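Chemist: A single structure is presented below for examination.
The values are calculated or read from the model by the stated rules, or taken from the named source; none is laboratory data. The structure displayed is predicted, hence computed values, not measured ones. When we count neighbours, we look across all protein chains shown, and the Cβ atoms used for this are built from the backbone with ideal geometry, even at glycine.
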């Protein structure tokens, strides 16, 4: 597996915001979002066997693990092997994905957070994958402006999304008009800034 980094921190966003978490960040991505904040994980990475990654995780004995990237599903075969073994250990697992690759084969082992790409990213997700989400899965829209908010609003109105929905502002953007849009449109979302950036941890 190509691993960008493995580290412990508080989860900065999503349904488990604020929880202690072991992050396994896989290297490589099939997108290049304009506002990407983990550009160092788009390429490169250190080659590690599934056994080596598992050993590293077991040493830290985490109750909660987040698999992120890059785009972790680019390494789906090895990732599935890792997930099966982590699942057997009883760890709670989340996978963060950009919603361009079918994730259904991995759902028995983890919850999914599908990051639906909005216009400001310059990229697009496969909206058909929304149909595969379950109540324990989540959807995140990273929004920068009203155009992004309108795009997300229309997707919410036209797709069945059984799990929780988050609006996460692009770091450094003007939050006030984004919040106002949510309130005026009474959107069924949770507005959530990135906690790890506010408190200055990785």
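Chemist: Go through the stretch 103-141 and give me each residue that's out of contact with any helix residue (DSSP H, G or I) (no Cβ under 7 Å at 6 or more places or on another chain), in contact (Cβ under 8 Å) with a residue 40 or more places away in the chain and farther than 16 Å from residue 92 by Cβ.
Modeler: 117, 121, 122, 123, 140 - these are the residues of the stretch 103-141 that are out of contact with any helix residue (DSSP H, G or I) (no Cβ under 7 Å at 6 or more places or on another chain), in contact (Cβ under 8 Å) with a residue 40 or more places away in the chain and farther than 16 Å from residue 92 by Cβ.
Chemist: Consider only pairs whose beta carbons are under 7 Å apart and that are at least six residues apart or on different chains; among these, list those whose first residue lies in the stretch 19-34 and is free of Cβ contacts under 8 Å to residues at least 40 places away in the same chain and at positive phi and whose second residue is crowded, with 19+ Cβ neighbours inside 10 Å and in a loop (DSSP other than H, G, I, E, B).
Modeler: Cβ pairs passing all conditions: none.
Chemist: I've got another one for you. I want to confirm something. Restricting to the stretch 169-191 and keeping residues that are closer than 14 Å to residue 156 by Cβ and part of a loop (DSSP other than H, G, I, E, B), which single residue is nearest to the chain's Cα centre (by Cα)?
Modeler: 189
Chemist: Another question about this same structure. Given the structure, is residue 200 within 30 Å of residue 83 (Cα to Cα) and either modelled with pLDDT under 95 or surrounded by 19 or more Cβ atoms within 10 Å (Cβ to Cβ) (or both)? Lay out the reasoning, then the answer.
Modeler: Details: within 30 Å of residue 83 (Cα to Cα): yes; either modelled with pLDDT under 95 or surrounded by 19 or more Cβ atoms within 10 Å (Cβ to Cβ) (or both): yes.
Taking the combined requirement at face value, the residue satisfies it.
Let's see how each residue does on (1) in a helix (DSSP H, G or I); (2) modelled with pLDDT of 95 or more; (3) in contact with a strand residue (DSSP E or B) (Cβ under 6 Å, 6 or more places away or on another chain):
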residue: 120; (1), (2), (3): yes, yes, no
residue: 135; (1), (2), (3): no, yes, no
residue: 155; (1), (2), (3): yes, yes, no
residue: 161; (1), (2), (3): no, yes, yes
residue: 166; (1), (2), (3): no, yes, yes
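Chemist: Scan the stretch 122-131 residue by residue and report those that are under 25 Å from residue 32 (Cβ atoms) and either under 14 Å from the mean Cα position of the chain (by Cα) or part of a helix (DSSP H, G or I) (or both). Break it down stepwise before answering.
Modeler: From the stretch 122-131, those under 25 Å from residue 32 (Cβ atoms) are 122-130; that's our starting set.
Hits for the stretch 122-131 are 125, 127, 128, 129, 130.
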